[in-house]
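See below for the structure under consideration.
No value in this document is a laboratory result; all are computed from the given coordinates. Computed from a prediction, not measured in an experiment: that's the story for all the values here. Cβ sites come from the backbone with ideal geometry, for glycine too, and all protein chains shown count toward neighbours.
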Amino acid sequence: MTVELPRFGSCSYRESDVLTFPWGLPGFAALRRFIPIAFDGDACIWLQSLDDVAVALPTVGAAGDDAVLPSYALDSLELHEPSDWTTLSVIADGKRCEEAPIVVNLRTRRARQIVAAGA
């Protein structure tokens with residue numbers, strides 16, 4: 001499939017590339033489908049919304065990708081082994097928001113942002 005994106009221009013993707021956020025994201029509850037866009041030599045991975053093409057979130061691989069996840073994240077995303085997932089940190093104001101990582105199930109392509117208590 002191909003989509004025209006205001007930030008990136010014409011972008012082709014496969015349905016298997018789509019990350020689904022069944023619970024939405026804080027501040028973007030209605031946006032559920034995103035594609036990751038990465039450019040060679042750039043550590044940034046953009047999460048581009050397919051529901052609202054004006055929305056693209058800059059992320060990077062989370063530091064300490066071996067994070068201990070809360071049980072609700074493990075259960076809701078059906079994560080069994082650390083190799084089942086990866087984590088991303090949203091970049092805001094030039095800094096990683098590591099207290100609220102995005103966890104992606106690499107098998108199912110379902111994702112969820114995990115907001116730490118008090119964050």
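A few comments on the model shown:
- Amide H contacts of F28: none lie under 5 Å away among residues 5 or more positions distant or on a separate chain (H built 1.01 Å from N in the peptide plane; Pro and chain starts excluded).
- Think of each Lys and Arg Cβ as +1 and each Asp and Glu Cβ as -1; about the Cα centre, that makes the dipole of the range 2-113 roughly 240 debye.
- Fewest-first ranking of R32, R7, using other Cβ atoms within 10 Å as the exposure measure: R7, R32
- Amide hydrogen proximity for Q113: with H placed 1.01 Å from N in the peptide plane, the residues at 5 or more positions away or on another chain lying under 5 Å are V103.
- For the range 23-32, 3J(HN,Hα) computed residue by residue from phi via the Karplus equation (6.51, -1.76, 1.60; θ = phi - 60°) reads 9, x, 10, x, x, 9, 4, 7, 8, 10 Hz, glycine and proline entered as x.
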